[in-house]
Structures are given as C-alpha cells and as structure tokens.
1. Are there any pairs with C-beta distances below 7 angstrom linking a residue in region 73-100 that is without any contact (Cβ under 8 Å) to a residue 40 or more places away in the chain to a residue that is among the basic types (Lys, Arg), with the two at least 6 apart or on different chains, and if so which?
2. On the given criteria, is Asp207 assigned by TED's automatic domain parsing to the domain that holds Asp136, in contact with a strand residue (DSSP E or B) (Cβ under 6 Å, 6 or more places away or on another chain) and free of Cβ contacts under 8 Å to residues at least 12 places away in the same chain?
3. Would you confirm whether or not region 165-172 contains a residue that is of a type in the set (Lys, Arg), out of contact with any Gly (no Cβ under 7 Å at 6 or more places or on another chain), surrounded by 15 or more Cβ atoms within 10 Å (Cβ to Cβ) and not assigned by TED's automatic domain parsing to the domain that holds Phe211?
4. Does any residue of region 266-287 turn out to be assigned by TED's automatic domain parsing to the domain that holds Glu84, over 17 Å from Gly87 (Cα atoms) and over 18 Å from the mean Cα position of the chain (by Cα)?
5. Taking region 33-69 as the search range and keeping residues that are acidic (Asp, Glu) and either exposed (fewer than 13 other Cβ atoms within 10 Å of the Cβ) or without any contact (Cβ under 8 Å) to a residue 24 or more places away in the chain (or both), which one is nearest to Val4 (Cα to Cα)?
6. For region 90-113, which residues satisfy the criterion of being more than 9 Å from the ligand (Cβ to nearest atom) and hydrophobic (A, V, I, L, M, F, W, C)?
7. Do any strands (runs of 3 or more DSSP E) entirely within region 194-235 hold 2 or more residues that are touching an Asp or Glu at 6+ places or on another chain (Cβ under 6 Å) and farther than 18 Å from Thr162 by Cβ, and if so, which?
8. Among the candidates Gly72, Gly87, Gly116, which residue alone is surrounded by fewer than 20 Cβ atoms within 10 Å (Cβ to Cβ), away from the ligand (no atom under 14 Å from the Cβ), at pLDDT below 95 and at positive phi?
Amino acid sequence: MEDVIILGTGCAGLTAAIYTGRAQLNPLVLEGSQPGGQLTTTSEVENFPGFPEGIDGYTMMDNLRKQAARFGARYEHAKVDKIELEGDVKKLYAGDKVYEAKTVIVATGARPRLLGIPGEKEMFGGKGVTTCATCDGAFYRDMDVVVVGGGDSAAEEALFLTRFCSKVTLIHRRDELRASQIMADRATSHPKIEMAWNAAPTEVLADEQGFTRAVVVKDTITGEEREIPCKGAFIAIGHIPNTDFVEGVLDRDGDGYIIPEAGSQVKTKHEGFFAAGDCVDHVYRQAITAAGMGCQAAIEAERWLAEQ
Ligand SMILES: Cc1cc2nc3c(=O)[nH]c(=O)nc-3n(C[C@H](O)[C@H](O)[C@H](O)COP(=O)(O)OP(=O)(O)OC[C@H]3O[C@@H](n4cnc5c(N)ncnc54)[C@H](O)[C@@H]3O)c2cc1C
C-alpha cells in the first residue's frame with residue numbers, strides 16, 4: 001500500500017508531490033489525461049512569482065515535474081474513474097488497475113467550458129481565444145476584445161479587461177445579464193464596455209497568421225449574423241471540475257466542486273483524504289493558488305500519517 005497517492009500533475013498535484021517527496025513519503029502521482037494540467041495549454045505565464053521574464057506554460061510544468069521527481073515522486077499514466085473507502089484503506093480504480101493508499105490528495109483540476117464553435121479550439125491558448133482575463137488580459141493592451149458570457153464571472157472579466165483594452169464587447173445570448181445586479185450595473189454602464197445583446201457566437205475568425213481577428217455572432221431573435229472585430233475572445237461561461245469519480249464518497253457542490261471540511265481549505269470529511277487546486281477552488285483558479293493548496297494538502301497528509 002502506498003503512503004500517498006496524488007491525482008493530477010497540474011500545479012496543485014506537482015507541488016504536493018514536491019512536498020511529500022521531500023518529506024520522504026515516496027509519492028505515487030497518477031497523471032490523468034492531461035499531464036502538466038491546464039497550464040500546458042498556454043504559451044506565456046507572466047504572473048507566477050520567480051520568473052521575471054515570464055515562462056511558457058509547458059516548460060514551467062515540465063520543471064515542476066522534474067523538481068518533484070528529484071525528491072522521489074513516481075509517475076504513472078492512469079486516470080482514476082472510481083474511489084472506494086474501506087476502513088483506513090483508500091482504493092483507487094483506473095480501468096482494470098486498483099491502487100491502495102493510506103492518504104490521497106485529489107488535485108484533478110477543472111476544465112474551462114467552451115462554446116464548441118469553429119475556430120475556437122484552433123486559436124485557444126496563445127492565438128486570441130482564452131478563458132482567463134486575470135492570466136491573459138495584459139497581453140491585449142490597447143486592443144479590442146470580446147467577452148462571452150452573462151454571469152458574474154463574465155461581468156468581472158469584462159470590467160478587469162477595461163484596464164488594458166481599448167474596447168470590450170460583452171456578448172450575451174439574452175437581453176439581460178445573469179450577473180448580480182451590482183456587477184451587471186457596473187459592466188453595462190462602463191464607458192469602455194459595449195453590450196452585444198441577444199447574440200450567440202457561431203465562429204471565431206482568423207487573420208492570415210492564424211490569430212483571432214473577429215467573432216461572428218448570430219442575433220437570437222432575427223437570425224442575422226455579423227462580425228465583431230477583436231484580437232482577443234475571452235470565453236467566460238464557467239468551468240467543469242474533474243470530480244465525477246468522487247461521486248458518493250466526497251461532498252461536492254452543485255457545480256461539482258469538492259467541498260472541504262469547515263475551517264480547512266484542503267481537508268475533506270474523510271480522514272487522510274485531501275483535495276487541492278481548481279477541483280476545490282471556484283474563486284481564484286490561479287496557478288499560484290493551486291500550488292499553495294497543493295502545499296497545504298501535502299503538509300496535512302504528512303501530519304496525518306505521522307499521527308497514525
Ligand atoms: C489557457 C489558460 C491559461 C492560463 N493562464 C494562467 C496564467 O497565466 N497564470 C495563472 O496563474 N493561471 C493560469 N491559468 C489557470 C491555471 O492553469 C490553473 O489555475 C491551474 O492549472 C490549476 O491547477 P490544478 O493543479 O488545480 O489543476 P489542472 O492544471 O487542471 O491539472 C489537473 C490535473 O489532474 C489530472 N486529472 C484530471 N482528472 C483525473 C483523474 N480522474 N485521475 C487522475 N488525474 C486526473 C489532469 O490530467 C491534470 O494533470 C490558465 C488556465 C488556462 C486554461
């Protein structure tokens with residue numbers, strides 16, 4: 001039986017692997033289907049402390065992986081589809097393989113919800129389509145951008161982007177925002193934000209170099225299509241936490257985020273079972289916060305094992 005199994009090799013999982021590795025716990029890390037996690041889909045990370053010139057997402061995650069391996073972390077390509085608790089033993093099922101552990105750190109992240117329209121995937125992460133204004137807003141200084149969505153996140157992203165961008169068009173399929181009244185008022189009254197009401201995006205168009213040049217929207221009432229020119233398209237229609245496999249074992253909220261025990265960010269209701277990063281955190285969703293939670297989960301796991 002393993003002392004610690006970590007699920008996921010994003011910032012949370014790999015930070016937990018560094019800490020548990022340095023604590024001589026010889027962690028086994030199961031990678032899932034996206035080794036390196038979400039950051040491997042972005043070209044430039046400028047807000048992770050310690051990199052004055054920025055670093056590309058793939059290199060950063062490769063460095064974290066090597067750093068954890070140096071302290072004894074072992075990696076396996078396995079995606080867990082079910083977990084079971086039998087007394088103190090945690091059983092993890094990945095296809096026909098079964099893993100057993102004393103402690104488990106779930107760091108399976110989340111995936112941004114996308115529109116599924118032509119051009120979106122091709123230009124995602126570095127070519128104009130993104131899902132994170134906090135991460136990528138500064139790359140669009142003095143440019144026109146669009147934000148797609150109608151909730152609080154979309155309104156917040158649009159307002160944040162007004163700090164950098166010359167114009168922000170907020171595209172929403174209805175004629176009023178779902179966001180809280182205060183956020184909706186702030187967004188709709190901002191001089192740099194233009195509303196595109198009753199507008200459903202149907203395609204992202206590329207320029208000759210393959211970068212975003214416009215989003216095509218269809219009027220949901222008249223059916224008419226038009227192009228909204230932009231260099232950046234921020235999709236803000238939510239995230240889906242990768243937590244289906246904890247169903248029935250760990251508590252999840254209505255959106256699927258794991259609910260930690262009261263008073264802790266990373267402990268769950270089951271002893272020796274921890275969760276960290278974007279699969280728990282629906283508020284900050286940043287590399288540094290995920291790494292911070294990975295560190296907390298590792299220290300808690302180490303303490304819990306020491307107490308047994
Ligand atoms: C395009 C883009 C750009 C971004 N830019 C920045 C930025 O510049 N700065 C910043 O701070 N943040 C940025 N972010 C946000 C940042 O990537 C996330 O906050 C961070 O990656 C969360 O880390 P995590 O470890 O919680 O999860 P993730 O990075 O989502 O990693 C999850 C891991 O879990 C694994 N996994 C999933 N399901 C299973 C399973 N069933 N079994 C085993 N393993 C599983 C996956 O394979 C993956 O390895 C960006 C996000 C995106 C999408």
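The values are calculated or read from the model by the stated rules, or taken from the named source; none is laboratory data. Treat the numbers as computed from the prediction; the structure is a model and nothing was measured. Glycine also receives a Cβ, built like all others from the backbone with ideal geometry; neighbour counts cover every protein chain displayed.
1. Pairs that qualify, where the first residue is without any contact (Cβ under 8 Å) to a residue 40 or more places away in the chain and the partner is among the basic types (Lys, Arg), are Tyr93/Lys82; Val98/Lys91.
2. yes
3. Our first condition is that a residue be of a type in the set (Lys, Arg); within region 165-172, this holds for 167.
Narrowing the set further to residues that are out of contact with any Gly (no Cβ under 7 Å at 6 or more places or on another chain) leaves 167.
If we keep only those that are surrounded by 15 or more Cβ atoms within 10 Å (Cβ to Cβ) too, we end up with 167.
So of that shortlist, the ones also not assigned by TED's automatic domain parsing to the domain that holds Phe211 come out as none.
The answer is no, given that none of the residues of region 165-172 is of a type in the set (Lys, Arg), out of contact with any Gly (no Cβ under 7 Å at 6 or more places or on another chain), surrounded by 15 or more Cβ atoms within 10 Å (Cβ to Cβ) and not assigned by TED's automatic domain parsing to the domain that holds Phe211.
4. Yes, region 266-287 has at least one match.
5. The selected residue is Asp56.
6. Residues of region 90-113 more than 9 Å from the ligand (Cβ to nearest atom): 90-91, 93, 95-105, 113.
Within region 90-113, Val98, Ala101, Val104, Ile105 qualify.
7. Numbers: elements: 199-206, 212-219, 225-229, 232-235.
Those strands (runs of 3 or more DSSP E) span 212-219.
8. Numbers: Gly72 fails: at pLDDT below 95; Gly116 fails: at pLDDT below 95.
The match here is Gly87.
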